[in-house]
Amino acid sequence: MAKQLYLQHLAQLLRAEYQNPSRSVSKTPSVSRIEGYMEAGMLLGQVSRDDLTRLIDQVHQEVFGTPFNEKRPVEVLSEDELDVPTWLRWRHQSAR
């Protein structure tokens, strides 16, 4: 019972973080809180690393449609596209 409650709460924390519109590449305080929560769960024997990996993949799949560890395809640019400065390429892509 305690393990189920722990995993349900962790799933809520993960969903909230994944759906956060202000989420950035840098580590946020909520990410540190989630990591601490996961570490505490393992230290207290509530969950294993495999339990956490499965839950992270499951919630990531629900929110983004892909498992957490699945790599995004790498975009290959042509020579002409590489001649354009990066900041201009990013601006052009965000305008789409």
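Readers should treat all values here as calculations from the given coordinates under stated rules, not as data from a laboratory. It should be emphasised that the depicted structure is a prediction, and the values quoted were computed from it without experimental measurement. Note that we place each Cβ from the backbone using ideal geometry, even for glycine, and neighbour counts take in every protein chain shown.
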Between Thr28 and Ser78, the two model label points (7 Å from Cα along the beta-carbon direction) sit apart by a distance in nm of 3.8 nm
Neighbour-count ranking for Asp80, Asp51 (other C-beta within 10 angstrom, fewest to most) reads Asp80, Asp51
Net charge (Lys, Arg +1; Asp, Glu -1) of residues whose beta-carbon lies under 15 Å from that of Leu10, Leu10 excluded, is -2
Going residue by residue through the stretch 2-14, the Karplus relation 6.51 cos²θ - 1.76 cosθ + 1.60 with θ = phi - 60° gives ³J(HN,Hα) values, rounded to whole Hz and with x marking Gly or Pro, of 5, 5, 4, 4, 4, 5, 5, 5, 4, 4, 5, 4, 5
